[in-house]
Amino acid sequence: MDRRDEAGQSREGLLRSYKRGESIPMRKSLEEAYRSDSESDLDATEFLDSEPLDTSSKPPPPAHQPATWLRTLQNICARRSKCILMIIFVLIIFWMILGGGGLFLYKQKPVDGESPPWYPTPPGGTVAQWSESYNKAAELVKKMTLAEKVNVTTGTGWQMGLAVGNTGPAIHVGFPGLALQDGPLGLRFADNATAFPAGITVGATWNKELMYLRGRAHGKEARLKGINVLLGPCVGPLGRMPAGGRNWEGFGTDPVLQGIAAAQTIKGIQEEGVMATIKHFIGNEQEHFRQSWEWGLPNAMSSNIDDRTLHEMYGWPFQDSVKAGVASVMCSYQMLNNSYSCGNSKLLNGILKDELGFQGFVQSDWLAQRSGVGSALAGLDMTMPGDGLKWASGKSLWGPEMSKAVLNGSLPIERLNDMVTRVVAAWYQLGQDDKSKFDGQGPNFSSWTNDKMGVINAGSPDDKDTKVVNKFINVQGSGEDAHSIIARQVAVEGSVLLKNKDNVLPLSKDGWPSDQGHEINMRIGIFGEDSGEGNGPNACPDRGCNQGTLGSGWGSGAVEFPYLISPAAALKEAFNKDRVYVTDYPTNSPPFKSTPVILKDQDICIVFANSDGGEGYIASEGISGDRNDLYLQHNGDNLITEVSEGCGDGRGSTIVVIHSVGPVILDKWINLPGIKAVIMANLPGQESGNAIADILLGKVNPSGKLPYTIGKSLDDYGPGAKILYHANGVIPQQTFSEGLYIDYRHFDKFGVEPTYEFGYGLSYTKFQFANLRVTPVLPKSSLPAPRPTGIAPPKFEDVIPDASEALLPKGFRKLKKFVYPYIDKLSDIKKGKYPYPEGYDIQQPPSQAGGDEGGNPDLWNVYANVSVDLTNVGPRGGKEVAQLYLSFADLQGEAKHVDFPLKVLRGFEKVYLEPNETQTVHFNLTRRDFSYWDVVQQNWVMPTEGSFTIRVGTSSRDLRLTGWY
Ligand code: BGC
């Protein structure tokens, strides 16, 4: 199958069971069946006659009780892959019920949400660091025709162009179509490109420099492949639910860790001239029900997040990203407070563009846009992939509809001008007008075929124009610049040593130490399918199955591996063959019963096990994106237990290595006497085997720290940590009532003992912390300085253009399904009164928390310096992460009445130290670090009475020093 078919199928929601080669379409059939002609894709009249779909202004909907039959149906659809006939039968009954009058319930529109209106969209071009780009952009935009402007804002449609997202050009002014490509792990669908370790592994390094270097290498590969916009990094999900399918794309379950990692990654990507995209804004914490229709329901779920939690938790890393100058923000699929994120004016206009001062452009997730004019007014700037409510339909909510909306006055032309200027300014800001870096020819690879020759618009049956579409350019770097070096280093430093009893690790490549009088050679047995190659790393589309060693999760964040070094292959190479016998059994059912010697004979047993998950459009082995539990998969727990009990006839040492998309429960076996060492190697990417060999043999001293808590059960994470697997209404509701208390904050608050806490990780050496010093830099004051006024955005002549600017040029041959900006005839433009959303004519006051890119600049001023001396007091060189946590327990006055977590991470620094070496580590704490979001004052407030307690140490529960500010 060529990639066009694979991707096309999966993107339309094809569920596959890859188990034993079966391939059973499930979700597509459901989706297609539910979607009928009665679901009106928007046309010109929508702009005039109907209610705006999502105006974010009215009271919340009542909670709907789930119908049992609906739940059952979802269960069948989401979990089982063998019941097609049953599903068809149920669907027929279902449609009969709908036809009989139930339709009105199913067609229920989301009642507009708990999210207040915020209009109009603040224009871009208000901060000095973007002013030059905005001036150039405005000059260009002024010369564009209406059709060209629409082109810049609208994707050309699914598979219309070589990248996963493509916009149309403004040819007359020399502005190219842009190519947008996933994603956080590497360049999706690309050949000869690096499969880096996933975000979660990057987070586990706690190494800012590596975060930056990985971003830069990723950005360089994108640029050399002709990509303008990278669809990463990802900080949403934040990781509220440990089983969440896409947590692995982000950097860990803490806003500060995510924010720092994202900012470093963005800096790296953008230094290469590629626009980074921070995603998914905001609340896409689970895959179930994330998207309309994907789960059989007409609307996506709503993540209901209160104002303070939004600012201090889910929004925090986005703020860091905007501060870092990110060019694009991707709004998420689901609703936020019952208003679709991509049409939520409070979120996009209010928080992102006014308060955070975002200067780039907002693009929709793929088909996350649910309204036409409504979403434009709410702050959306670019629709992706261009098709409207339905995959690959070619019927856009913008495109020609946007042209009509401007011409009939529904969409104010100033909004369109701002949308286009934001995109063009971002292009200038990243220097993409420099022809030596971007030749304007677009991608030199195709997302839709592996063949050299192919068509550009694979989604259109009309495109028969075969060309060279894959130039197979190797962008992996070579020699000292080989990106595999960075990939390996991230995988090494992102491996967390959880247990090392009797210092069983590191192993010597020569086996037994010669001074211990062992005469025989050492025997090492490697067990588990996760140690081996399986059917190769690219066996399933978008890595949508768990087989062989696990290098990444699945979905749009995954890539084609150029190679994947399996742990077994690397370990067999790593030991001295004259002294160590290594045998591998890359299966989870080794023949222990029939051939007990394979266990009995070993001195050391290394067991590999894993847990996989991913994006919700793929399901594999009953896992529909979100994991069903936190246990190891494929009987990994039993394998580990069996191996540890039988290894060396009970006298051997068992070392466990886990590859996983997130935390796993270890308690079934962690305390068994034979389990001597455990490594959480996260998702290591292509250099997996080399990295684990480096750690196991002590070539590199482990320095990874957990980017999440490992609990003893899912319940231990609190009620908010549970995925909503069964719809609790026609519009499923997930209310984040735990607020600030996720992961370690929850464990701390409720006194729950984790197996291993957030920030934990061992080394082969020991470190000592001493001399914590706090130096106040600025005096405390409750509110930030008044918002600066900023600079004036560019001015345009805001007159409705002549309709001829958008008429289909004479003799123009349209490709079927391609999204064009053109109107066929003037009579298509319907005049009338557009029902603007409630609150549309109330001008909102600018937020005092805003005023620059990243918010009020005072929030970023340093108010205190902290330093500690860190010494390596152990036998070998190694890296340690000094982690700084803030506690609010000693505050007085008003702050006493504010609820604060026991402690929150506010900074970290990783340093390398030779034995006996000491270095001073410095932290800068900003006003934002010392503030909480006050929902009444609508501003960041710094408590001024009493003291902030500052603690530094080596994990969230091993804090060795304390100071006060
Ligand atoms: C994902 C995005 C991704 C996009 C394009 C969507 O399904 O949610 O993260 O960038 O597809 O592939």
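Residues of the stretch 148-169 being buried (at least 24 other Cβ atoms within 10 Å of the Cβ) and within 12 Å of VAL420 (Cβ to Cβ), which ones?
LYS149, VAL150, ASN151, VAL152, THR153, THR154, THR167, GLY168
For the stretch 170-191, what are the residues that are touching a helix residue (DSSP H, G or I) at 6+ places or on another chain (Cβ under 9 Å), more than 15 Å from ILE456 (Cα to Cα) and either away from the ligand (no atom under 14 Å from the Cβ) or outside the structural domain of ALA138 (by the TED database) (or both)?
Result: ALA170, ILE171, HIS172, VAL173, GLY174, PHE175, PRO176.
Which of the residues that make up the stretch 739-753 are part of a loop (DSSP other than H, G, I, E, B) and either touching a residue at least 60 places away in the same chain (Cβ under 8 Å) or of a type in the set (A, V, I, L, M) (or both)?
Selection gives GLY739, LEU740, TYR741, ILE742, ASP743, VAL752.
Looking only at the stretch 365-373, decide whether some residue is under 20 Å from LEU180 (Cβ atoms) and either touching a Cys at 6+ places or on another chain (Cβ under 6 Å) or among the small types (Gly, Ala, Ser) (or both).
yes
Could you give every pair whose Cβ atoms fall below 6 Å, whose first residue belongs to the stretch 188-209 and is aromatic (Phe, Trp, Tyr), and whose second residue is part of a loop (DSSP other than H, G, I, E, B), counting only separations of at least 6 or pairs across chains?
PHE189/SER447; PHE196/LEU185; TRP206/LYS705
Listed here are the residues, each with its yes/no results for (1) in the same structural domain as LEU187 (by the TED database); (2) at pLDDT below 95; (3) crowded, with 24+ Cβ neighbours inside 10 Å; (4) not polar (S, T, N, Q).
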site: ALA392; (1), (2), (3), (4): yes, no, no, yes
site: SER396; (1), (2), (3), (4): yes, no, yes, no
site: GLY399; (1), (2), (3), (4): yes, no, yes, yes
site: MET402; (1), (2), (3), (4): yes, no, yes, yes
site: ALA405; (1), (2), (3), (4): yes, no, yes, yes
site: ILE413; (1), (2), (3), (4): yes, no, no, yes
site: LEU416; (1), (2), (3), (4): yes, no, yes, yes
site: VAL420; (1), (2), (3), (4): yes, no, yes, yes
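Please give the number of the condition ILE606 fails out of (1) modelled with pLDDT of 95 or more; (2) part of a loop (DSSP other than H, G, I, E, B).
(2)
Please work out if GLY850 is more than 29 Å from the chain's Cα centre (by Cα) and crowded, with 16+ Cβ neighbours inside 10 Å.
Against the criterion (more than 29 Å from the chain's Cα centre (by Cα) and crowded, with 16+ Cβ neighbours inside 10 Å), GLY850 does not qualify.
Only one of GLU249, GLU272 is assigned by the TED database to the domain that holds LEU352, surrounded by fewer than 24 Cβ atoms within 10 Å (Cβ to Cβ) and either over 15 Å from the mean Cα position of the chain (by Cα) or within 13 Å of the ligand (Cβ to nearest atom) (or both). Can you tell me which?
Sole residue among the options that is assigned by the TED database to the domain that holds LEU352, surrounded by fewer than 24 Cβ atoms within 10 Å (Cβ to Cβ) and either over 15 Å from the mean Cα position of the chain (by Cα) or within 13 Å of the ligand (Cβ to nearest atom) (or both): GLU272.
Only one residue in TRP427, TRP512, TRP448 is among the aromatic types (Phe, Trp, Tyr) and touching a strand residue (DSSP E or B) at 6+ places or on another chain (Cβ under 6 Å), so which one is that?
Of the residues listed, the single one that is among the aromatic types (Phe, Trp, Tyr) and touching a strand residue (DSSP E or B) at 6+ places or on another chain (Cβ under 6 Å) is TRP512.
Anything in the stretch 252-269 that is within 16 Å of the ligand (Cβ to nearest atom) and in contact with a Ser or Thr (Cβ under 8 Å, 6 or more places away or on another chain)? List them, or say none.
ALA262, ILE266
What number of residues within the stretch 336-376 are more than 16 Å from the ligand (Cβ to nearest atom), under 25 Å from ALA128 (Cβ atoms) and among the aliphatic types (A, V, I, L, M)?
So the count comes out to 4.
Report yes if some residue within the stretch 855-864 is assigned to a loop (DSSP other than H, G, I, E, B) and either among the aromatic types (Phe, Trp, Tyr) or buried (at least 17 other Cβ atoms within 10 Å of the Cβ) (or both); otherwise report no.
Yes; the residues of the stretch 855-864 include at least one that is assigned to a loop (DSSP other than H, G, I, E, B) and either among the aromatic types (Phe, Trp, Tyr) or buried (at least 17 other Cβ atoms within 10 Å of the Cβ) (or both).
Please determine whether any residue of the stretch 307-316 is modelled with pLDDT under 95, assigned by the TED database to the domain that holds PRO255 and part of a loop (DSSP other than H, G, I, E, B).
No, because not a single residue in the stretch 307-316 is modelled with pLDDT under 95, assigned by the TED database to the domain that holds PRO255 and part of a loop (DSSP other than H, G, I, E, B).
Of PHE796, PHE769, PHE758, which residue is more than 24 Å from the chain's Cα centre (by Cα), part of a loop (DSSP other than H, G, I, E, B) and buried (at least 17 other Cβ atoms within 10 Å of the Cβ)?
Residue meeting the stated conditions: PHE796.
Go through (1) among the hydroxyl-bearing types (Ser, Thr, Tyr); (2) within 16 Å of the ligand (Cβ to nearest atom); (3) not in a loop (DSSP other than H, G, I, E, B) and name the single condition TYR333 misses.
(3)
Could you tell me which residue of the stretch 276-314 is farthest from the ligand (Cβ to nearest atom), considering only residues that are crowded, with 24+ Cβ neighbours inside 10 Å and of a type in the set (D, E, K, R)?
GLU285
Taking the conditions exactly as written (more than 16 Å from the ligand (Cβ to nearest atom), outside any loop (DSSP other than H, G, I, E, B) and within 25 Å of GLY244 (Cα to Cα)), does ILE658 satisfy them or not?
yes
Show the residue pairs that are 6+ apart or on different chains and have beta-carbon atoms under 8 Å apart, the first residue being within the stretch 520-531 and free of Cβ contacts under 8 Å to residues at least 12 places away in the same chain, the second being surrounded by fewer than 24 Cβ atoms within 10 Å (Cβ to Cβ).
Taking only residues 6 or more apart or on different chains, not a single pair turns up.
Considering only the stretch 947-955, I want to know if a residue exists there that is surrounded by fewer than 21 Cβ atoms within 10 Å (Cβ to Cβ), under 27 Å from the mean Cα position of the chain (by Cα) and over 19 Å from SER782 (Cα atoms).
Within the stretch 947-955, one or more residues are surrounded by fewer than 21 Cβ atoms within 10 Å (Cβ to Cβ), under 27 Å from the mean Cα position of the chain (by Cα) and over 19 Å from SER782 (Cα atoms).
Picking from ARG627, ARG543, which residue would you name as being among the basic types (Lys, Arg), assigned by the TED database to the domain that holds ASN690 and within 30 Å of PHE472 (Cβ to Cβ)?
ARG543
Name the pairs: first residue in the stretch 797-820 and over 21 Å from GLY161 (Cα atoms), second residue part of a loop (DSSP other than H, G, I, E, B), Cβ to Cβ under 7 Å, at least 6 apart or on different chains?
ILE800/GLY409; ALA803/ILE829; GLU805/THR145; ALA806/PRO821; ALA806/TYR822; LEU807/TYR822
Looking only at residues in the stretch 520-559 that are hydroxyl-bearing (Ser, Thr, Tyr) and away from the ligand (no atom under 16 Å from the Cβ), which one is nearest to LYS577 (Cα to Cα)?
Among those residues, the one meeting the criterion is SER531.
Quick grid of which residues meet (1) assigned to a helix (DSSP H, G or I); (2) within 22 Å of ASN192 (Cα to Cα); (3) free of Cβ contacts under 8 Å to residues at least 40 places away in the same chain:
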site	(1), (2), (3)
LYS395	no, no, no
SER410	no, no, no
THR421	yes, no, no
SER447	no, yes, no
ASN457	no, no, no
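Just checking, which of ALA558, ALA570, ALA491, ALA487 is closer than 30 Å to VAL881 by Cβ, in contact with a helix residue (DSSP H, G or I) (Cβ under 7 Å, 6 or more places away or on another chain) and part of a loop (DSSP other than H, G, I, E, B)?
Every option except ALA558 fails the conditions.
Tell me, which strands (runs of 3 or more DSSP E) lie completely within the stretch 867-965 with 2 or more residues that are free of Cβ contacts under 8 Å to residues at least 40 places away in the same chain and of a type in the set (Val, Ile, Thr)?
none
The values are calculated or read from the model by the stated rules, or taken from the named source; none is laboratory data. On a predicted model such as this, the values are computed, not experimentally measured, just so you know. A quick note on method: Cβ atoms are made from the backbone with ideal geometry, for glycine too, and the neighbour counts reach across all protein chains shown.
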